[in-house]
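These notes concern the structure reproduced below.
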Amino acid sequence: MLHIIFAFYILTLILASSIFILAFLLAKKYKSDLYIYIGLIFLGALLNLLTYMICLYRYTAINFQYSTSSLDYYLFIIISGFLMLYFMPLLIYRVTNIPFTKVKRTIHISILVIILSTVILEYMYNISIAEIIRDILYTIIFIYSAYLILANSKRIQHKDARIVLIAFSILIFTILPLIVVHRIGGPLFFPDNMLLNLPHFNTLFLFVSAIIALSYGAKYLFNNKRNTSLMLVGEVAKTTDISQREQEIINLLIKGLSNKQIAENLYISQKTVKNHVYHIYQKLGIKNRLQLINKFLDD
């Protein structure tokens, strides 16, 4: 049983590492920091998994009673938590074209500060409720992220990105309850059994997520087409004064939608769409849709 568990953890670690490397290769190819976000999210999950693999090794190979009061444990928890919880909402807001307002940014940073505080309190003062608060905040962020994706899936212009993120959301709602039950019931019913208290469901979540990401991400590494929709969100605004709404319209224009279809899709009038299109052309120095497509597609 022990060998099976350890083999499963190693396989998951390899898959997560592959996604981390793949994401940065895609970021270099498509010049998009969205892939960097994905890579850093998987790096956080990878470090979290590595923490428990170290626990498992010390517990079984050298019979070391690994304590969660160890400094290296908390350093891994802090770094992995920050990477996952900081970059995941940023990625989702960007891909779904939802404005990341100052209020949302403040709430986001505040939650990260609270989580960091719980880690410090637990390490320095052994306050057990700190871990419970941290788990609750983790759960809230993951559920909220899944909700954002499902509620705004039509705003994700890239088909494969939409499929991957929807699958990720369904996975959260499927496995997260099992993680919560395990976190509550494991120490209660198996206080001295480390193998049963290890985060197997967390590892299963990462394993399935990595397979989904790898199956869709690998093909973009070897084709010659630019991943336009993922690049557009936020990338155009770096060099021009293209607004968030105009970026949405550019995505829809490239997909071939008419002004009427764009108006229906974004719940605005055709006149407003026409005004936006005019301003887009002015800002990009182009005259028609063909030039717009040629500007962002090089296939």
Pull up the range 142-162, narrow it to residues that are among the β-branched types (V, I, T) and in a helix (DSSP H, G or I), then point me to the one that is surrounded by the fewest Cβ atoms within 10 Å (Cβ to Cβ). I143
Of all the residues that make up the range 71-114, how many are without any contact (Cβ under 8 Å) to a residue 40 or more places away in the chain, small (G, A, S) and either surrounded by 15 or more Cβ atoms within 10 Å (Cβ to Cβ) or not in a helix (DSSP H, G or I) (or both)? 1
Being touching a Phe, Trp or Tyr at 6+ places or on another chain (Cβ under 9 Å), closer than 30 Å to N251 by Cα and assigned to a helix (DSSP H, G or I) narrows L46, L25 down to just L25
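What is the residue count in the range 259-285 for residues that are outside any helix (DSSP H, G or I) and more than 15 Å from Q247 (Cβ to Cβ)?
3
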Could you tell me whether any residue of the range 277-284 is touching a residue at least 40 places away in the same chain (Cβ under 8 Å), among the charged types (D, E, K, R) and not assigned by TED's automatic domain parsing to the domain that holds K31? yes
The number of residues in the range 123-141 that are loosely packed, with under 14 Cβ neighbours inside 10 Å and small (G, A, S) is 1
For the range 122-141, pairs from a residue that is free of Cβ contacts under 8 Å to residues at least 60 places away in the same chain and in a helix (DSSP H, G or I) to a residue that is among the acidic types (D, E) and crowded, with 17+ Cβ neighbours inside 10 Å, with Cβ under 8 Å and 6 or more apart or across chains, are S128/E122; A130/E122; E131/E122; R134/E122
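Conditions tested, residue by residue: (1) among the polar types (S, T, N, Q); (2) within 30 Å of A161 (Cβ to Cβ); (3) touching a helix residue (DSSP H, G or I) at 6+ places or on another chain (Cβ under 6 Å); (4) at pLDDT 85 or above.
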| position | (1), (2), (3), (4) |
| --- | --- |
| S70 | yes, no, no, no |
| L75 | no, no, no, yes |
| M84 | no, yes, yes, yes |
| L91 | no, yes, yes, yes |
| I114 | no, no, no, yes |
| N126 | yes, no, no, no |
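The values are calculated or read from the model by the stated rules, or taken from the named source; none is laboratory data. Just so you know, these numbers come straight off a predicted model, no measurement behind them. Positions of Cβ are generated from backbone atoms using ideal geometry, with glycine treated the same way; all protein chains shown enter the neighbour counts.
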